[in-house]
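The values are calculated or read from the model by the stated rules, or taken from the named source; none is laboratory data. Only a predicted model underlies this, so the values are computations on that prediction, with no experimental measurement involved. Neighbour counts are summed over all protein chains in view; Cβ atoms, including those assigned to glycine, are modelled from backbone coordinates with ideal geometry. Ligands, DNA and RNA are stripped out before the accessible areas are found, and what is left, the full protein with its side chains, is counted by its heavy atoms. Shrake-Rupley method; radii C 1.70, N 1.55, O 1.52, S 1.80 Å.
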Amino acid sequence: DRTEGINFQKESSLDWSLKPDFGVITVNTEPSRLTVSIDGKEKVKTPVEQLRLEPGRHKVVVNDRCHHKTGQKFNLERGENVTLGFNPEPVSSGVQISARDPEGNAVKATAYVDGKKLGQTPGRWEVPVCSNQLMVETEQQSYQQQLDLARQKVSKLRVQLQPKQPQLVDISAG
């Protein structure tokens with residue numbers, strides 16, 4: 001702390017640069033919108049932009065249920081601007097998928113999770129635990145369902161394909 005006494009005369013000006021009594025951090029993750037804690041307290045979603053913190057030792061931890069926990073300890077100086085970036089690995093789960101046609105016969109079909117092609121059924125694949133949508137299809141039959149997967153466990157899914165609905169095309173335009 002510093003105290004200064006100043007006497008001003010008419011038409012005087014004062015120019016004084018002050019150093020902030022805080023540091024600033026920015027936290028980014030790939031993907032964005034992951035949960036991070038700062039010094040074990042605040043739980044926020046990334047990106048974190050220009051957060052003011054007291055100078056000293058700090059810890060940022062990415063602790064999101066869909067990704068492996070990671071973090072970093074760092075020292076923040078007065079007036080310092082620190083940017084931290086994290087790219088945590090997704091937590092894995094598994095799916096084992098078999099498909100049957102409407103009559104109950106085993107069939108080969110193509111399986112997709114969140115739009116990404118896995119391969120032909122029957123099969124077993126590693127997928128991120130936070131995957132949302134399963135789709136299994138042949139040329140004329142399909143099946144869809146929401147997924148609710150567990151960490152590092154294989155979900156066995158036996159799907160019953162149904163005839164695809166015909167796509168209507170408007171030919172009256174013109």
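Some observations on this one:
- Flag if residue 4 is over 21 Å from residue 92 (Cα atoms) and either touching a strand residue (DSSP E or B) at 6+ places or on another chain (Cβ under 8 Å) or surrounded by fewer than 11 Cβ atoms within 10 Å (Cβ to Cβ) (or both): yes
- Residue list for the stretch 13-31, restricted to those being polar (S, T, N, Q) and closer than 17 Å to residue 71 by Cβ: 26, 28, 29
- Unique match (being under 29 Å from residue 117 (Cα atoms), under 29 Å from the mean Cα position of the chain (by Cα) and surrounded by 12 or more Cβ atoms within 10 Å (Cβ to Cβ)) among 36, 48, 91: 91
- Listed by first and then second residue, the pairs linking a residue in the stretch 1-27 that is over 30 Å from residue 60 (Cβ atoms) to a residue that is in a loop (DSSP other than H, G, I, E, B) and open to solvent by 100 Å² or more (accessible area, probe 1.4 Å), with Cβ atoms under 8 Å apart and 6 or more places separating them unless they lie on different chains, are 14/8.
Residues are listed down the side, and each one gets a yes or a no for (1) outside any loop (DSSP other than H, G, I, E, B); (2) at pLDDT 95 or above; (3) among the hydrophobic types (A, V, I, L, M, F, W, C):
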site	(1), (2), (3)
52	yes, no, no
61	yes, yes, yes
72	yes, yes, no
78	no, no, no
85	yes, yes, no
88	no, yes, no
95	yes, yes, yes
98	yes, yes, no
104	no, no, no
